[in-house]
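Have a look at the structure below, then the notes.
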Amino acid sequence: MSERIRFVDHWGPEILFVDFSNCSAREVEKIARAVPDYTSTKPFSSVLILSDFEGAAFDDDAIRAVKEAAVFDKPFVKKSALIGTESFPTKLIAEVKTYSRRSLVTFETREDAIAWLTAV
C-alpha cells in the first residue's frame, strides 16, 4: 500500500499523497479503507491530503469506502485537495462533502493543488 499512500515532504510541508490513479473500483475501495491508518497517526487538524483520482473506476462499494474514510479522517485533516476527478460519478464530490461535512477542493493540476495545500 505504501506505493499508493505515502507522506511526501519534498513539496514543502508534509502532504499525505493518496494515489487512486488508474485503479479499479476494488482497488479504490481498498486504498480508501487504508487511508485512516495513516491520518490517525497524526495530531488533530494537521494532515494535508492530496488525492489523485485520474482514471479511477468506481462502484457502490468504492464510493461508500471513500465517503466513510472522509468521515473518519475529518478530525485529523487540515486541508484536502483532489485532482483527476473527471472520472468521478457525477454527484460523488457533492455526496462525499455532504456525507463527511468536509471541504474537498478540486484542482486541474497537481501543482495548483500543492500550492493551495501549502499556502499559509
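The values are calculated or read from the model by the stated rules, or taken from the named source; none is laboratory data. For clarity, every value in this text was computed on a predicted model and none was experimentally measured. Methodologically, a virtual Cβ is constructed for each residue, glycine included, from the backbone with ideal geometry; neighbour enumeration extends over all protein chains shown. The area values use the complete protein model at the heavy-atom level, side chains included, leaving out ligands, DNA and RNA. Shrake-Rupley method; radii C 1.70, N 1.55, O 1.52, S 1.80 Å.
In table form, for the structure just shown:
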read-out	value
Candidate set: region 80-115, residues that are basic (Lys, Arg) and in a helix (DSSP H, G or I); chosen: the one nearest to Ala56 (Cα to Cα)	Arg110
Qualifying residue in region 47-68 (condition: under 22 Å from Pro13 (Cβ atoms), out of contact with any strand residue (DSSP E or B) (no Cβ under 7 Å at 6 or more places or on another chain), open to solvent by 10 Å² or more (accessible area, probe 1.4 Å) and at pLDDT 95 or above)	no
Single condition Ser100 does not satisfy, out of (1) under 23 Å from Glu3 (Cα atoms); (2) crowded, with 19+ Cβ neighbours inside 10 Å	(1)
From the options Phe7, Phe44, residue that is touching a Pro at 6+ places or on another chain (Cβ under 6 Å), open to solvent by 30 Å² or more (accessible area, probe 1.4 Å), touching a residue at least 24 places away in the same chain (Cβ under 8 Å) and not β-branched (Val, Ile, Thr)	Phe44
Number of the exception - Ala115 against (1) free of Cβ contacts under 8 Å to residues at least 12 places away in the same chain; (2) open to solvent by less than 30 Å² (accessible area, probe 1.4 Å); (3) not hydroxyl-bearing (Ser, Thr, Tyr)	(2)
Selection count where residues are in contact with a helix residue (DSSP H, G or I) (Cβ under 8 Å, 6 or more places away or on another chain), of a type in the set (Val, Ile, Thr) and within 25 Å of Pro43 (Cβ to Cβ), scope region 84-120	2
